[in-house]
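Colleague: Following this message is one structure expressed as structure tokens.
Bear in mind these aren't lab numbers, they're just calculated from the coordinates by the rules spelled out. On a predicted model such as this, the values are computed, not experimentally measured, just so you know. In this analysis, Cβ positions are derived from the backbone assuming ideal geometry, glycine residues included, and neighbour counts consider all displayed protein chains.
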Amino acid sequence: MAHLKLKALRKAYGEVEILHGIDLDIHDGEFIVFVGPSGCGKSTMLRCIAGLEDISSGELHIGDQLVNEVPPAKRGIAMVFQSYALYPHMTVAENMAFGLRLAGFSKADMNAAVQRAAQILQIEHLLERKPKALSGGQRQRVAIGRAIVRKPGVFLFDEPLSNLDASLRVQMRVELARLHKELKTTMVYVTHDQVEAMTLAHRIAVFNAGNIEQVGRPLDLYHRPANLFVAGFIGSPKMNFLSATLQSADDRAAVVRLADGTLITTTVDARSLATGATLTLGVRPEHVQALPTPAANSLRCTVQVAEHLGDATYLYLDAAGSDGHFVARATPDNPLASGDTAHLVLPAAHCYLFDGKGLALPPLT
């Protein structure tokens, strides 16, 4: 196993800088996930760690070694790509042992390593098959097995589940979590899917436009986002945002005025801001209560679409000051339908406030 330290790491292609000075410590044996939208720099960061991209400036340490100029084969890492990259003319066992054969391992050592990896991944019965005879999930297991046999200090995963269907992705998430628990090896995982990030990670690093916006445990990011970007990216469906201005603030509450004049009380500390300051109010769909009649701390709006999913109903509503459809998660038997007037209760304890720069204001304690 190994820890990683990234210090002021930058990557540029000509005059275009992709990574803008990344500082990050990845702990020994940690499962950390890089998450963010397409083009945010997370895969470039992974490729810099792997040695597949040169680092423009800054330092990358794996263990106690500075590896900026160390070739990929000598970094003690193994990488699993989005594409399985299996040799079609080789059996599963031959694919898994290929790297060891190039490294000059004996046949006995290769067979032992392959058998051990196959046992961990529960693919012993597939060792004599060719890739064309495997399902997508089985092929991905083989690709992971090819990495396991090398016994790396660090595993790098670049969106390894993107080519799988929904049910297989769920299954493989469980398998990856089990694999990490068994191997206890440092794993760095890149995905644009925040559900994968929330379910797999010890910690998540949220990337945006070549910077890390926030690093933390999944539930810390969910409950205490540092800014608007993290709040909108972590959580599914994403957090709702409403334009607001500060009406009053004291040591018990902050009251904001929404675009339609509605006053909403929150338990956020806004005492550092002046009355009338521009704010954004955030609330997650699962914390909203949708009612057919007026209630305290509620917002009046119109239902556009009601999606009935069996275990829940998602209401998509027009709300004044919203940056898009306002989404509320309701009970399956909620009576509201398209065209109905809804009153959305925004619980004070579940409301977030963000200042004019998009930074989250702290909760009142």
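Colleague: If r is the Cβ-Cβ distance from D340 to A85 and R0 is 56 Å, what FRET efficiency results, to the nearest 0.05?
Modeller: 0.60
Colleague: Let me ask something additional. Tell me what the chain gives for mean residue ellipticity at 222 nm when only DSSP H runs of n ≥ 4 count, each as -39,500 (n - 2.57), the sum divided by the residue total, rounded to 500 deg cm²/dmol.
Modeller: Calculated at 222 nm, the ellipticity per residue is -7000 deg cm²/dmol.
Colleague: Then there's this: Taking a 31 Å limit on the Cα-Cα distance, which of the listed pairs K151/K238; K238/K357; K7/K107 fall beyond it?
Modeller: K151/K238; K7/K107
Colleague: Normalised by the number of residues in region 4-232, what is the relative contact order in percent for Cα pairs under 8 Å and 6+ residues apart?
Modeller: 29 percent
Colleague: I've got another one for you. Given a 10 angstrom Cα cut-off, can you work out which residue in S272, S135, S162 is the most mobile in a GNM of the chain?
Modeller: S272
Colleague: When only C-alpha pairs under 8 Å and at least 6 residues apart count, what is the relative contact order of region 263-336, in percent?
Modeller: 28 percent
Colleague: Same structure again: Determine the sum of side-chain charges near D250: Lys and Arg each +1, Asp and Glu each -1, restricted to other residues whose C-beta is under 12 angstrom from that of D250.
Modeller: 0
Colleague: Once you've got the GNM for the chain with C-alpha springs shorter than 10 Å, pick whichever of D220, D23, D251 has the biggest mean-square fluctuation.
Modeller: Comparing D220, D23, D251 in the GNM, the peak value goes to D251.
Colleague: So what does log10 I(q)/I(0) come out to for region 239-354 at q = 0.20, 0.24 Å⁻¹, using the Debye formula with one equal point on every Cα and no solvent?
Modeller: Once normalised to I(0) and log-transformed, intensities are -0.99, -1.33.
Colleague: Go ahead and run the numbers for FRET between A209 and A349, Cβ-Cβ distance against an R0 of 35 Å, rounding to 0.05.
Modeller: It comes out at approximately 0.65.
Colleague: Just to be sure I understand: with springs between alpha-carbon atoms less than 10 Å apart, which residue in A231, A209, A337 has the highest mean-square fluctuation in the Gaussian network model of the chain?
Modeller: A337
Colleague: So, one more: Roughly what angle does helix 107-121 make with the longest principal axis of the chain, taking Cα atoms, 0 to 90 degrees, to the nearest 10?
Modeller: On a 0 to 90 degree scale, this one is about 20.
Colleague: Quick one: 3J(HN,Hα) in Hz for region 140-151, Karplus 6.51/-1.76/1.60 with θ = phi - 60°, rounded, Gly and Pro as x.
Modeller: So the J values, rounded to whole Hz, are 5, 4, 5, 4, 5, x, 4, 6, 4, 4, 7, 6.
Colleague: Scan around S248 for amide H atoms under 5 Å from its own, H built in the peptide plane at 1.01 Å from N, and keep only partners 5 or more places away or cross-chain.
Modeller: Placed amide hydrogens put V255 under 5 Å from S248.
Colleague: Figure the gain on full extension for N68 and V305 (residue separation times 0.36 nm, minus the Cα-Cα span) and round it to one decimal in nm.
Modeller: Computed gain between N68 and V305 is 80.0 nm.
Colleague: What FRET efficiency comes out for the pair D28/A133, r = Cβ-Cβ distance, R0 = 30 Å, nearest 0.05?
Modeller: With R0 = 30 Å, the Cβ-Cβ based efficiency is 0.20.
Colleague: Taking the structure as given and computing percent of Cα pairs over 33 Å apart, which label from (1) 36; (2) 43; (3) 54 fits?
Modeller: (2)
Colleague: Continuing with the same structure: Would you please give the residues with an amide H less than 5 Å from that of I18, counting only those at least 5 places away or on a separate chain, with H modeled from the backbone geometry?
Modeller: Distant-sequence amide H within range of I18: K11, A12, Y13.
Colleague: Further, regarding this structure: Quick one: what are the phi-derived ³J(HN,Hα) couplings along region 157-171, Karplus 6.51/-1.76/1.60 with θ = phi - 60°, whole Hz, x for glycine and proline?
Modeller: 10, 10, 6, x, 9, 5, 8, 9, 6, 4, 5, 5, 5, 4, 4
Colleague: Right, another one. Step through the residues of region 201-217 one at a time and calculate ³J(HN,Hα) from phi using the Karplus curve (6.51 cos²θ - 1.76 cosθ + 1.60, θ = phi - 60°), rounding each to whole Hz and writing x for Gly and Pro.
Modeller: 7, 6, 9, 10, 10, 8, 9, 7, 6, x, 10, 9, 7, 6, 10, x, 5
Colleague: Distance from the Cα centre of region 66-141 to that of region 200-259, in angstrom?
Modeller: Rounded to whole Å, the Cα centres lie 41 Å apart.
Colleague: Multiplying the sequence separation of K184 and H325 by 0.36 nm and subtracting their Cα-Cα distance, what value in nm do you get?
Modeller: That works out to 46.5 nm of additional length.
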